[in-house]
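So the structure is just underneath, and the comments pick up after that.
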Amino acid sequence: MPRPGHGEPAQRLAEALHAQASTHSSAGVPRPRPPAPGQDPALRRQIAWALAIALLAGLVLGCAIALVSLLFPGVLPTVG
């Protein structure tokens, strides 16, 4: 039987998290802002290179698997 004045553990946890969040927001601690989209061209260039390399690696791997399956039937395990 729960004690009077004490809610369920989930309710108490929610209240504690709410109290902690309101303490942090009222303490004047600045929150870090996410960078605006398109603000850092170097980061966009790095992402573009990473995507291009991943695409090329996928193409090479796909072609290699296709060639192995055509040239050596039965070597690769069946799927499904």
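Give me the percent of the accessible area of the range 37-80 that comes from carbon and sulfur atoms, probe 1.4 Å, all protein chains in place. Here carbon and sulfur together make up 76 percent of the probe-accessible area. In terms of overall dimensions, the C-alpha atoms belonging to the range 28-80 reach 66, 24, 11 Å along their principal axes, ordered largest to smallest. Phi angles of the range 50-61 translate, via the Karplus equation with coefficients 6.51, -1.76, 1.60 and θ = phi - 60°, into HN-Hα couplings of 4, 5, 5, 5, 5, 5, 5, 5, x, 5, 5, 5 Hz per residue; Gly and Pro are given as x.
The values are calculated or read from the model by the stated rules, or taken from the named source; none is laboratory data. All values reported here derive from a predicted model rather than from experimental measurement. Side chains included, ligands, DNA and RNA excluded: accessible areas come from the protein's heavy atoms. Shrake-Rupley method; radii C 1.70, N 1.55, O 1.52, S 1.80 Å.
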